[in-house]
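Asks: Provided herewith is a single structure, encoded as structure tokens, for subsequent inquiry.
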Amino acid sequence: MKLTSSLTTDKTQFEDTYLLRMLDNGICDMEAGREMPLSDAFQRVAELRDSRRNGQL
């Protein structure tokens, strides 16, 4: 029998809900035509990652 704390369950449930919400938002963006070319998306991801590493976000 594996014992888990309630905190672990709450955290896992929160992460699952957050992931599903992100996926829903992505699907809504695609349906609305708000998608960007893959190269632009990767460039934006790199910019956000650099900003986060530099402590700007």
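The values are calculated or read from the model by the stated rules, or taken from the named source; none is laboratory data. Remember, predicted model here, so these are calculated numbers, not experimental data. Every residue, glycine among them, receives a Cβ derived from its backbone with ideal geometry; neighbour counts consider all protein chains shown. For the accessible areas, the whole protein counts, side chains as well, though only heavy atoms, and no ligand, DNA or RNA atoms are used. Shrake-Rupley method; radii C 1.70, N 1.55, O 1.52, S 1.80 Å.
Asks: Could you provide, to the nearest whole Å², the per residue accessible area of region 11-57 with probe 1.4 Å?
Replies: Averaged over the residues of region 11-57, the accessible area is 95 Å².
Asks: Could you check the simple spin-label distance between Met22 and Arg53, using points 7 Å along Cα→Cβ, in nm with one decimal?
Replies: Each label point lies 7 Å from its Cα, and together they span 1.9 nm.
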